[in-house]
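Report on the following structure.
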Amino acid sequence: MKKILLIILIPALLFSCDMHRRDKLVDDASIRMDKELQDSTMVQVMGSTFKFDTTTEGEKVTHNFAFKNTGTNPLIIIKATASCGCTVADKPEQPILPGDTGYIKVIFNTTGKRGHNQKSITVISNAHPDFPRLILMGEVKAPIAKN
């Protein structure tokens, strides 16, 4: 009986040690890959907040947020989304090469908006650390009534 138990126990122990080793190899490879990505694709945004002058309701406010690829691999902007439907963010379709500058064009339609407005744009990219949130803010006044 002891021999049977020993025959079953020894392979189980060897198998569990091998699984731990494989997990460690996978974890080490993931850490190396994350480190390579962090070192390779970085972004520098030239002003993540744009404060527009007071504008009249119904006008469109347009701003180009500039950014530079300060990494060693192409920067790919996957998605740029605004906090509401009144704001549209237009991202570059082509990768931004290392050292090059790109732009995210944002258009805010002030129709139906009055007072202080702040819109945020979330950018998803392959940059590490993540692309900072872009902010567009300013005052919208009522249109002047025509007599």
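The values are calculated or read from the model by the stated rules, or taken from the named source; none is laboratory data. Just so you know, these numbers come straight off a predicted model, no measurement behind them. All Cβ positions, glycine included, derive from the backbone under ideal geometry; neighbour counts span all protein chains shown. Just the protein is used for accessible areas: all its heavy atoms, side chains included, with ligands, DNA and RNA removed. Shrake-Rupley method; radii C 1.70, N 1.55, O 1.52, S 1.80 Å.
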- Could you tell me whether Phe108 is of a type in the set (A, V, I, L, M, F, W, C), more than 13 Å from the chain's Cα centre (by Cα) and outside any loop (DSSP other than H, G, I, E, B)? yes
- Note on the structure: Per the filter on region 64-90, residues charged (D, E, K, R) and more than 15 Å from Met46 (Cβ to Cβ) are Lys79, Asp90
- For region 64-83, how many residues are open to solvent by 40 Å² or more (accessible area, probe 1.4 Å) and either of a type outside the set (Lys, Arg) or in contact (Cβ under 8 Å) with a residue 40 or more places away in the chain (or both)? 10
- Would you please list the contacts, defined by Cβ atoms under 7 Å and residues six or more apart or on different chains, that run from a residue in region 106-127 that is of a type in the set (D, E, K, R) to a residue that is not in a strand (DSSP E or B)? Lys113/Glu57; Lys113/Cys86; Arg114/Glu57; Arg114/Ala142; Lys119/Ser83; Lys119/Cys84
- region 87-129, subset among the small types (Gly, Ala, Ser) and at negative phi, residue surrounded by the most Cβ atoms within 10 Å (Cβ to Cβ): Ala127
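With the requirement that a residue be touching a residue at least 60 places away in the same chain (Cβ under 8 Å) and of a type in the set (Lys, Arg), what does region 128-147 give you? So that I can check it myself, show each step before the final result.
Going through region 128-147, the residues touching a residue at least 60 places away in the same chain (Cβ under 8 Å) turn out to be 128-129, 131-144.
Hits for region 128-147 are Arg133, Lys141.
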